[in-house]
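Encoded as structure tokens, the structure appears first; notes follow it.
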Amino acid sequence: MGDQPQLNNNNKFIPDHVAVIMDGNGRWAEKMGEERKAGHQEGMEAIKRVSIRASERGVKVLTLYAFSTENWKRPPQEVKFLMQLPVNFFDRFVPELQENNIKVNMIGFKDKVPGPTKRSIEKAIDQTKNNTGMILNFAFNYGGRAEIVEATKSIVEKVISGELNKKAISEEVLQSELLTRSIQPYDEVDLLIRSSGEQRLSNFLLWQNAYSEFYFSKLFWPDFTGDVLDEALDDYQNRSRRYGAI
Ligand code: V07
């Protein structure tokens, strides 16, 4: 899906959709002898650096895994703090998003998200809706399996109502019911980056990562820089993607 991939000025491919699992904020704080909160604050600075560099390099969509449906199991005061971060983030970063023509989007389940957090995200989406550059897509209260379950329910309802014939159900139909329908035609991930040395998918964009390339960095997320993103993009350019062909 999607149109022709972008070429950079070296005539090499830039991935349209880069997705990032921002891991290691807690361990960064431990290393620095600070509270976990400090790791999350520094993690936001890394988001700024990486978003701006990705947009400069011609990435079309940058998806960041900010909060998973499993993260509700963390201590209540940490959950409360994390729910405050989108508000802090947009208070500080909307002008820079505007300067860089970046458009905000969100994928996830809005039901459990507190009102002020939801409103802050909706406001940022509205403020940046006319931007035509990179989409900065936050996966917030997101879970890959739950996303597929919800898509299935939606398809069943359409079949029951007669809007859709059972025989017409295909991969394309299911994909178009996923939360990532909002970032079509770039809904499939080209490059997945995970920081902090872990090498797991952790229920992130399960369907959309079917053919993605993986890049793992040992750096904790708060230590991530634009130059590290460049390394990941260079690494991507030196691989050949075959989509199952030979
Ligand atoms: C969070 C800071 C970055 C490192 C990862 C963990 C902590 C930005 C957001 C955010 C979320 C939604 C949105 C805009 C910004 C965020 C959480 C944690 C839960 F629309 N950073 N950040 N959300 N951290």
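Conditions tested, residue by residue: (1) surrounded by 17 or more Cβ atoms within 10 Å (Cβ to Cβ); (2) polar (S, T, N, Q); (3) under 12 Å from the mean Cα position of the chain (by Cα).
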residue	(1), (2), (3)
Leu178	yes, no, no
Ser182	no, yes, no
Arg194	yes, no, yes
Gly197	no, no, no
Phe204	yes, no, yes
Gln208	yes, yes, yes
Tyr211	no, no, no
Residues that are under 23 Å from Arg53 (Cβ atoms): which helices (runs of 4 or more DSSP H) entirely in the range 138-246 hold 2 or more of them?
226-237
(1) within 16 Å of Phe204 (Cβ to Cβ); (2) among the aliphatic types (A, V, I, L, M); (3) surrounded by fewer than 19 Cβ atoms within 10 Å (Cβ to Cβ) all hold for Ala38 apart from (1)
Collect the residues in the range 58-69 that are out of contact with any Asp or Glu (no Cβ under 7 Å at 6 or more places or on another chain) and more than 25 Å from Gly24 (Cα to Cα), keeping them in residue-number order.
Gly58
How do the pairs read when you match residues in the range 222-246 that are within 25 Å of Arg27 (Cβ to Cβ) and small (Gly, Ala, Ser) with residues anywhere that are modelled with pLDDT of 85 or more and part of a helix (DSSP H, G or I), using Cβ under 6 Å and keeping only pairs 6 or more apart or on different chains?
Gly226/Arg49; Gly226/Arg53
Exactly one of (1) closer than 17 Å to Gln98 by Cβ; (2) open to solvent by 80 Å² or more (accessible area, probe 1.4 Å); (3) not small (Gly, Ala, Ser) is unmet by Ile135. Its number?
(2)
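Among the candidates Gly133, Gly115, which residue alone is of a type in the set (Gly, Ala, Ser) and closer than 19 Å to Val20 by Cα? Walk me through it before giving the result.
Working: Gly115 fails: closer than 19 Å to Val20 by Cα.
On inspection, the qualifying residue turns out to be Gly133.
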Selection status of Ser161, under 30 Å from Tyr236 (Cα atoms), small (Gly, Ala, Ser) and either surrounded by 13 or more Cβ atoms within 10 Å (Cβ to Cβ) or more than 22 Å from the chain's Cα centre (by Cα) (or both):
no
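Filter the range 74-103 for residues that are in a loop (DSSP other than H, G, I, E, B), within 13 Å of the ligand (Cβ to nearest atom) and open to solvent by less than 80 Å² (accessible area, probe 1.4 Å) and give the result.
First pass over the range 74-103, keeping only residues in a loop (DSSP other than H, G, I, E, B): 74-75, 100-102.
Those still in the list that are within 13 Å of the ligand (Cβ to nearest atom) too: 74, 102.
Passing the criteria: only Ile102.
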Inspect the range 186-201 for any residue being touching a Phe, Trp or Tyr at 6+ places or on another chain (Cβ under 9 Å) and among the aromatic types (Phe, Trp, Tyr) and give the result as yes or no.
no
Are any of the residues in the range 104-125 within 11 Å of the ligand (Cβ to nearest atom), part of a helix (DSSP H, G or I), touching a residue at least 12 places away in the same chain (Cβ under 8 Å) and among the basic types (Lys, Arg)?
yes
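The values are calculated or read from the model by the stated rules, or taken from the named source; none is laboratory data. Keep in mind that this is a model prediction, so the values were computed, not measured. Virtual Cβ from ideal backbone geometry, glycine too; neighbours counted across all protein chains shown. In case anyone asks, the SASA skips ligands and DNA or RNA and just uses the protein heavy atoms, side chains included. Shrake-Rupley method; radii C 1.70, N 1.55, O 1.52, S 1.80 Å.
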